[in-house]
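Comments concern the structure below.
What follows is calculated from the coordinates using simple rules that are stated; it is not laboratory data. Being a predicted model, the structure only gives us computed values, none of them experimental. As a convention, Cβ positions derive from the backbone with ideal geometry for all residues, glycine included, and neighbour counts pool all protein chains shown.
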Amino acid sequence: MSKTPTSLSAADLAQRIDISAVQTFHAEADIRSLAALAVENGFIAAHALPNFVPLLRSLVPAGGRTLVGGPIGFPSGGHMTAIKVAEAAALREAGADELDMMINVGRLKSGDLNYVRDEIAAVIEAAAPVPLKVILELHHLTDTEIETAADIVASSGAAFVKTGTGWTPAAATLPRIRLIAAVVAGRAGIKASGGIRDLATVAEMVALGVTRFGINTASAIELVKQVDALPGGRLAIAPANERA
Ligand SMILES: O=C[C@H](O)COP(=O)(O)O
């Protein structure tokens with residue numbers, strides 16, 4: 001597990017943020033703007049809805065600081081496994097560098113954990129060698145369900161546990177990030193996403209072990225600008241055990 005930094009520059013933070021245009025209303029112009037801003041500001045990834053991933057790939061130079069990402073079974077997660085598998089393969093073929101799959105919340109809530117496990121395994125295989133993040137969508141889950149889901153994802157071989165799609169009210173609270181970090185225990189990365197809008201929250205989440213954020217483009221650019229405006233241009237990260 002990577003060592004928690006003591007501070008982050010604007011460039012460091014940008015290299016921890018996936019910016020995105022993954023809402024229903026995002027059009028071609030938004031994707032073109034997403035690509036330009038991601039490359040210009042050095043964000044680690046730019047994410048678009050599946051149909052726009054080929055366009056995004058054509059706009060973001062491969063092998064640079066910015067990766068191209070796309071979602072699978074997004075945003076409900078209720079798609080048939082065969083559809084998620086096909087979408088993973090299609091996005092891999094379209095040149096995606098990372099894929100964020102929505103977990104099947106309904107099956108998780110039904111206690112059908114073998115279905116959840118088998119589906120994640122099938123999508124990991126279809127996506128390979130592209131790394132997979134699995135979105136839990138905390139807004140719909142109890143703390144017990146979060147622990148169960150985070151453990152399934154962490155033991156699946158997925159690259160990250162991700163908290164939300166951005167399509168539900170923000171639920172990536174610090175106590176829930178703490179809960180996920182305790183369960184994951186370094187077996188996978190943690191991507192905090194969904195309603196993250198202030199540097200204090202970012203700093204607290206980094207201290208808890210979050211190594212990736214998912215934030216919409218406008219909010220991400222604002223946060224990076226705020227870091228630049230801090231004394232010394234760096235965001236201090238107090239160790240989690242020193243926080244009140
Ligand atoms: O990563 C998921 C979403 O892009 C987060 O969007 P949001 O910052 O608008 O909640």
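Quick notes on this structure:
- Inter-probe distance in nm under a simple model that places probes 7 Å from Cα toward Cβ, at THR144 and THR211: 3.2
- Where labels lie 7 Å past Cα in the beta-carbon direction, separation of ARG197 and SER155 in nm: 3.8
- Charge dipole (debye, nearest 20) of the stretch 7-242; +1 at Cβ of Lys and Arg, -1 at Cβ of Asp and Glu: 160
- At an R0 of 35 angstrom, the distance between the Cβ atoms of LEU113 and ALA36 translates into a FRET efficiency of 0.25.
- Between SER76 and GLN226, the C-beta separation translates, for a Förster distance of 35 Å, into a calculated FRET efficiency of about 0.60.
- An oblate overall shape is assigned to the stretch 128-173, the ratio a/c of its alpha-carbon gyration tensor axes (a ≥ b ≥ c) being 1.5 or greater and a/b not exceeding b/c.
- For GLU147, GLU204, GLU98, the sequence from fewest to most other C-beta atoms within 10 Å is GLU147, GLU204, GLU98.
- Annotation: extensible slack from ALA182 through ALA170 equals 2.3 nm (criterion: 0.36 nm per residue apart, minus Cα-Cα distance).
- Fewest neighbouring Cβ atoms within 10 Å first, the residues HIS47, HIS26 line up as HIS26, HIS47.
- Alpha-carbon centroid distance for the pair the stretch 195-218 / the stretch 108-175, whole angstrom: 18
- Distance between the stretch 1-30 and the stretch 32-65 - C-alpha centres, whole angstrom: 12
- Bridge orientation summary for the chain: considering DSSP beta bridges with both residues in this region, about 10 percent are antiparallel.
- By definition, a body whose alpha carbon gyration tensor gives a ≥ b ≥ c is oblate when a/c is 1.5 or more and a/b is not larger than b/c, and the stretch 7-242 fits this oblate description.
- Nonlocal amide H pairs with LEU235, under 5 Å, H built at 1.01 Å: LEU8, SER9
- Cut-off 13 Å between beta-carbons: net charge of the residues surrounding ALA127, Lys and Arg +1, Asp and Glu -1: -4
- Chymotrypsin sites (Phe, Trp or Tyr not before Pro) restricted to the stretch 16-104 and DSSP loop, no more than 16 other C-beta within 10 Å: PHE25
- Cross-link check: pairs LYS191/LYS225; LYS3/LYS225; LYS3/LYS109; LYS109/LYS162 evaluated at a Cα-Cα cut-off of 23 Å; pairs beyond the cut-off: LYS3/LYS225; LYS3/LYS109.
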